[in-house]
1. Could you please tell me which pairs satisfy a Cβ distance under 7 Å, a separation of 6+ or placement on different chains, a first residue in the range 54-65 that is farther than 20 Å from Ile108 by Cβ and touching a residue at least 60 places away in the same chain (Cβ under 8 Å), and a second residue that is in a helix (DSSP H, G or I) and not small (Gly, Ala, Ser)?
2. Only residues that are closer than 30 Å to Thr166 by Cβ, part of a loop (DSSP other than H, G, I, E, B) and not polar (S, T, N, Q): list them for the range 72-111, please.
3. Keeping to the range 147-189, report how many residues are touching a residue at least 40 places away in the same chain (Cβ under 8 Å) and assigned to a helix (DSSP H, G or I).
4. Residue by residue through the range 59-95, note down the ones that are within 23 Å of Glu119 (Cα to Cα) and either in contact with a Ser or Thr (Cβ under 9 Å, 6 or more places away or on another chain) or among the aliphatic types (A, V, I, L, M) (or both).
5. As an exercise: evaluate Ile177 against (1) among the hydrophobic types (A, V, I, L, M, F, W, C); (2) under 30 Å from Gln43 (Cα atoms); (3) modelled with pLDDT of 75 or more and give the number of the one condition it does not meet.
6. Is there a residue being outside any helix (DSSP H, G or I) and either surrounded by fewer than 17 Cβ atoms within 10 Å (Cβ to Cβ) or in contact with a strand residue (DSSP E or B) (Cβ under 7 Å, 6 or more places away or on another chain) (or both) anywhere in the range 58-71?
Amino acid sequence: MTATFSKVNVEKSNEYLNSEAIGISYFKYSETINSFLSCFCIQFTHEVDIQSKWERIVNEVALEYMSELNDSFSKWNCYLIFICSKPVSKEIKYKIENDKFAIRKIVIDDVKKQLTDDEVALLLNERILLSKIELTKNAKTNNKGGINLSDIANRILTRNIDIDATDSSIAQRKAWIENELERISINEN
């Protein structure tokens, strides 16, 4: 299975984010039920629009969406993507992308056209999930072309163990590791 972002409809009560002038889209990638990557995308035509609106958009997304997230993994893996059909100056890109408040920000410029949701998802897969990178060297594959995972790796993927830094998640992982060590010790003896 290939990792991919997909568009999700999010209820937004925020008048500014719902306005036609913003046109925000929400995409989500999830490997587990409780932890996920969030990506908000906004398409602009001109640099001046990004320059005048980006700070308010960051504040609104932080207030309306990020404040509702419960686990630290999901909070640390939120992205705000500004897509511009015209070129954006290096100074503006640098200022936005290096701003440390609330959310990771990426500016993609000189796109030439309004992207469809599928094209945005493909762009996110390439930029955030690095889907164009092929890991073939030293990877053992099964006869169906997939990578063989160890028995332990397969068991990890079938569990819904939270991956954030809360005490309960840490306790879940410790208990799982203890159970695995016990299982291995019984099977080896």
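The values are calculated or read from the model by the stated rules, or taken from the named source; none is laboratory data. A quick note: this is a predicted structure, and the numbers were derived from the prediction, not measured. Because the Cβ atoms are built from the backbone with ideal geometry, glycine has one as well, and the counts that use them run over all protein chains shown.
1. Going by the 7 Å Cβ cut-off, there are no qualifying pairs.
2. Across the range 72-111, the qualifying residues are Asp99, Lys100, Phe101, Ala102, Ile103.
3. Residues in the range 147-189 being touching a residue at least 40 places away in the same chain (Cβ under 8 Å) and assigned to a helix (DSSP H, G or I): 1 in total.
4. Val61, Asn77, Cys78, Tyr79, Leu80, Ile81, Ile83, Cys84, Ser85, Lys86, Val88
5. (2)
6. Yes, because at least one residue in the range 58-71 is outside any helix (DSSP H, G or I) and either surrounded by fewer than 17 Cβ atoms within 10 Å (Cβ to Cβ) or in contact with a strand residue (DSSP E or B) (Cβ under 7 Å, 6 or more places away or on another chain) (or both).
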